[in-house]
Amino acid sequence: MKNILITGASSGFGEAIARNLSRQNHRLILTARSGEKIHQLCEEIKQKTQSEVLPLVFDVRDPEACEKAIASIPDTFRPIDVLINNAGLAVELDPIHTGALEDWERMIDTNIKGLLYITRLVAPMMVERKRGHIINLGSTASHEVYAGGGVYCATKHAVLALTKAMRTDFLPYGIKVTMISPGAAETNFSLVRFHGNKEKADKVYAGYDPLVAEDIAQIVEFVLSRPPHVCLNEVVVTPTAQFNGVIIRK
Ligand code: NDP
Ligand code: 8X3
């Protein structure tokens with residue numbers, strides 16, 4: 001049984017990872033901004049499984065809120081064995097010369113700074129015990145750039161750099177660090193990107209079979225089930241119809 005903290009567990013990958021891991025009776029700390037969704041998911045998991053589960057509602061962009069939330073975790077859910085840095089988003093598809101500063105701030109603050117704030121708070125518990133596993137959600141956008149996705153891709157390139165940095169910094173302490181880099185997956189991702197415009201969001205996944213959140217949940221399960229001497233550094237996974245961030249067969 002492990003103590004596992006998942007950011008962005010109110011939908012998409014984070015929710016699917018939580019549901020999947022809850023079947024293995026871990027202690028789960030599920031976090032996001034949407035309190036209602038997180039509390040509902042925690043209740044459902046409590047009713048259906050033997051897993052203990054703790055909801056934490058906060059915004060990863062707010063360093064003080066992050067600190068308060070992590071400090072509030074009761075001893076029964078400590079120390080954290082696994083941190084899944086999943087909370088993230090894209091906003092709009094604008095070229096650099098017309099992009100809105102506000103959209104850029106949201107992506108940079110959530111995908112880079114939020115991931116750093118949480119890791120800074122949780123990693124010391126792992127360093128102290130000389131064990132632990134951090135899983136960061138990268139993307140094919142960690143490796144490619146596509147038109148209008150410049151700032152989102154830059155944030156995911158940063159996640160790649162930070163994953164490598166964590167791997168080297170934490171090497172002396174035996175802490176595993178893994179980046180999972182999915183291609184197109186049908187979650188709330190595009191709905192959020194296009195401010196709830198379902199027609200625009202649906203178009204992203206039309207004409208081929210995209211990944212679904214459960215695909216990523218199964219990969220997390222596999223990554224976590226490797227023996228102590230095995231660290232998967234990165235898993236790149238795309239729909240069969242997708243070659244990279246740009247080329248999709250429709
Ligand atoms: P969803 O929109 O379905 O889920 C995103 C999650 O992040 C939600 O739980 C949301 O919760 C949380 N979140 C967003 N902003 C914040 C914030 N400021 N503070 C706390 N939590 C936040 O998208 P996905 O599941 O698809 O995305 C998960 C991760 O996977 C992201 O990092 C994304 O970049 C990455 N990814 C997605 C791909 C895809 O095609 N779907 C492909 C590759 C990577 P709430 O709004 O309640 O706070
Ligand atoms: C999400 C994948 O290609 O839609 O990270 O940006 S993509």
With each pseudo-label sitting 7 Å past Cα toward Cβ, what's the Ala147-Asn20 distance in nm, one decimal?
3.4
Run the simple label-point estimate for Phe243 and Arg120 please: 7 Å along Cα→C-beta, distance reported in nm.
4.2
Let's test this: bin the Cα-Cα distances of the chain at 10 Å from zero up to the farthest pair and state each bin's percent.
7, 32, 38, 19, 3, 0
Does a label point 7 Å from the Cα of His195, set along Cα-to-beta-carbon, have any residues of region 106-124 with amide nitrogen under 18 Å, and which are they?
106-108
Peptides ranked, highest mean first, by Cβ atoms within 10 Å: ranges 222-230, 52-60
52-60, 222-230
Across region 229-238, in residue order, what do the Karplus-derived ³J(HN,Hα) couplings come to in whole Hz, using 6.51 cos²θ - 1.76 cosθ + 1.60 with θ = phi - 60° and x for Gly and Pro?
8, 10, 10, 7, 6, 8, 10, 9, 9, 10
Ser225-Asp94 FRET efficiency (beta carbon distance; Förster radius 30 Å; 0.05 resolution):
0.15
Residues other than Pro63 with Cβ under 12 Å of its Cβ, Lys/Arg counted +1 and Asp/Glu -1, net out at -1
Summing -39500 (n - 2.57) over the DSSP H runs of n ≥ 4 in the chain and dividing by its residue number, what mean residue ellipticity at 222 nm do you reach, to the nearest 500 deg cm²/dmol?
-12500 deg cm²/dmol
Using amide H atoms built 1.01 Å from N in the peptide plane, name the residues 5+ places from Asn188, or on other chains, whose amide H lies under 5 Å from its own.
Gly12
Ranked on Cβ counts within 10 Å of their own Cβ, fewest leading, Tyr205, Tyr173, Tyr152 go Tyr173, Tyr205, Tyr152
Hey, in the GNM for the chain with a 10 angstrom Cα cutoff, which one of Asn111, Asn85, Asn233 fluctuates hardest?
Asn233
Net charge, Asn136 excluded, C-beta distance under 13 Å - Lys, Arg +1, Asp, Glu -1:
+3
Using the number of other C-beta atoms within 10 angstrom as an exposure proxy, rank Arg131, Arg193 with the fewest first.
Arg131, Arg193
Region 213-233-region 1-50 distance, computed between alpha-carbon centres (Å)
17
With Val127 itself left out, Lys, Arg at +1 and Asp, Glu at -1 over residues whose Cβ is under 15 Å from its Cβ give +4
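Where a number appears in this text, it was derived from the coordinates with a stated rule and is not lab data. What you see is a predicted model; the values in this text were computed from it and never measured. FYI the Cβ positions are ideal-geometry reconstructions off the backbone, even for glycines, and counts take in every protein chain you see.
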